[in-house]
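Report on the following structure.
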């Protein structure tokens, strides 16, 4: 009787195949990336500033007494734990990044995102380990606000969103749309549980990563204005990154906040 060799698991085969494809031609080398720290032109239109400042005061109270203290405690946890949480959150969001890559008409970025998601979800244990990052296949970010900007939709007036902070109208609309779009569906209890973990973890991890920048901005004479203007500058750079089609962190590397 012939000896049968064990079959290669399907997930591993897919992951290895995508990894080879990305490594052969789609990973970004540092020499091909544009200069990300050059200032990007942006404008501030804040006609409802008095109302926005009122909402900002509420947001700051919630942040000072609830979100920021938890984030500061989180930063004292072991680095390996923080990295695992961050990688899981980033991987869970890759399907929405993929959708926006397609909407922006960028096949290279969409292939990069799809490959990262397949590899990190399988080999990286649901994204807890950023396997592709270790191989030099870099993560980039994309959202609906960026997509609208790439489509040349005007940014509109500043809107201070309760609990979500400062944004222009275009980005605020993108945030609402992002909540409405669920690439995973809602039929699985497991997916719902993972989605809840992603939401809670995303709030804490994201706030923890912003702490150094916001602590510095708090020293400004007008914290509201400093935070508003810094956010506008970051988002302008983020839209330019989308237009350039950069694979990797690109313009977001030199922003006051990372876009995680």
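The values are calculated or read from the model by the stated rules, or taken from the named source; none is laboratory data. Every value quoted in this text rests on a predicted model; they were computed, and no experiment measured them. When we count neighbours, we look across all protein chains shown, and the Cβ atoms used for this are built from the backbone with ideal geometry, even at glycine.
Annotation note: of 43, 60, the sole residue that is exposed (fewer than 12 other Cβ atoms within 10 Å of the Cβ), touching a residue at least 60 places away in the same chain (Cβ under 8 Å), out of contact with any strand residue (DSSP E or B) (no Cβ under 8 Å at 6 or more places or on another chain) and within 22 Å of residue 224 (Cβ to Cβ) is 43. Annotation note: Cβ proximity below 8 Å between a residue of the stretch 216-238 that is free of Cβ contacts under 8 Å to residues at least 40 places away in the same chain and a residue that is surrounded by fewer than 19 Cβ atoms within 10 Å (Cβ to Cβ) and part of a helix (DSSP H, G or I) (sequence gap 6+ or interchain) occurs for 217/223; 217/226; 220/226; 230/213. When 110, 50 are screened for being in a helix (DSSP H, G or I), crowded, with 16+ Cβ neighbours inside 10 Å and without any contact (Cβ under 8 Å) to a residue 24 or more places away in the chain, only 110 passes.
Going by the structure shown, is residue 78 more than 19 Å from the chain's Cα centre (by Cα) and either touching a residue at least 12 places away in the same chain (Cβ under 8 Å) or surrounded by 13 or more Cβ atoms within 10 Å (Cβ to Cβ) (or both)? Against the criterion (more than 19 Å from the chain's Cα centre (by Cα) and either touching a residue at least 12 places away in the same chain (Cβ under 8 Å) or surrounded by 13 or more Cβ atoms within 10 Å (Cβ to Cβ) (or both)), residue 78 does not qualify. In the set (1) modelled with pLDDT of 50 or more; (2) touching a helix residue (DSSP H, G or I) at 6+ places or on another chain (Cβ under 8 Å); (3) part of a helix (DSSP H, G or I), residue 15 fails one condition alone, (1). Right, residue 147: farther than 17 Å from residue 202 by Cα, touching a residue at least 12 places away in the same chain (Cβ under 8 Å) and buried (at least 21 other Cβ atoms within 10 Å of the Cβ) or not? Yes; evaluated as a whole, the condition is true for this residue. Looking at 169, 128, which is the one that is surrounded by fewer than 21 Cβ atoms within 10 Å (Cβ to Cβ), out of contact with any helix residue (DSSP H, G or I) (no Cβ under 8 Å at 6 or more places or on another chain) and within 30 Å of residue 66 (Cα to Cα)? Answer to the check: 169.
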